[in-house]
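Below is one structure; the comments refer to it alone.
Every number in this text was worked out from the coordinates using simple rules, so none of it is lab data. Computed from a predicted structure; not experimentally measured. Here the Cβ positions follow ideal geometry from the backbone for every residue, glycine too, while neighbour counts run over all protein chains shown.
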């Protein structure tokens, strides 16, 4: 019996099995469809929920987090919206999610 090196053994585990190619492709397409539905929903609702005039504006929420956590707030609560939390950036993020879901 031949003994495999750890690197070869690990790559053997990750090698795709052609018997599951259709299942894997179908799984990814269905996952992309779920992502697309979620991001379309987010794109429609995001300004009403966390936009500047929304139920819980992202700017106000991030401001309160920064008051409580201080200068390390961006480390304790990581989000790209520390850089820009305008309605445009919120919707652009949701539409980018739609784009990447379609590309998946």
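Short version: what are the Cα gyration tensor semi-axes of the range 53-93, square root of 5 times each eigenvalue, largest first, in whole Å?
Details: eigenvalues 71, 30, 8 Å².
Working through the eigenvalues yields semi-axes of 19, 12, 6 Å.
Could you work out how far helix 21-50 tilts from the main Cα principal axis of the chain, as a 0 to 90 degree angle to the nearest 10?
Once rounded, the angle reads 0 degrees.
Under 8 Å for C-alpha pairs, at least 6 residues apart: give me the relative contact order for the chain, rounded to a whole percent.
Rounded, it is 35 percent for the chain.
For residue 99 paired with residue 37, estimate the spin-label separation in nm (one decimal), with each label point 7 Å from Cα along the Cα-to-Cβ line.
2.5
Take the Cβ-Cβ distance between residue 92 and residue 64 as r, set R0 to 25 Å, and report the resulting FRET efficiency rounded to the nearest 0.05.
On the way: r = 24 Å, r/R0 = 0.96.
Plugging the Cβ-Cβ distance into 1/(1 + (r/R0)^6) gives 0.55.
Quick check: the angle from helix 58-69's long axis to the longest principal axis of the chain, C-alpha only, nearest 10 degrees?
Value to nearest ten degrees: 90.
Relative to the first principal axis of the alpha-carbon coordinates of the chain, what is the inclination of helix 87-103, with its axis defined by its Cα atoms, in degrees from 0 to 90 and to the nearest 10?
With both axes taken from Cα atoms, the answer is about 20 degrees.
At 0.36 nm per residue, minus the direct Cα-Cα distance, what do residue 28 and residue 44 gain on full extension? Give it in nm, one decimal, please.
Stretched fully, the residue 28-residue 44 segment lengthens by 3.3 nm.
Beyond 19 Å, what percent of the Cα pairs of the chain remain?
When all Cα pairs of the chain are counted, 63 percent exceed 19 Å.
Quick one: grab Rg to one decimal and Dmax as a whole number for the range 14-56, Cα atoms only, in Å.
In order Rg, Dmax, the Cα atoms of the range 14-56 give 17.4, 52 Å.
Determine, for each peptide in 13-26, 70-83, 34-47, the mean count of other beta carbons within 10 angstrom over its residues, then list the peptides with the highest first.
34-47, 70-83, 13-26
Mean residue ellipticity at 222 nm from the helices of the chain, using -39,500 (n - 2.57) per DSSP H segment of n ≥ 4 over the full residue count, to the nearest 500 deg cm²/dmol?
The per-residue figure over the chain is -22500 deg cm²/dmol.
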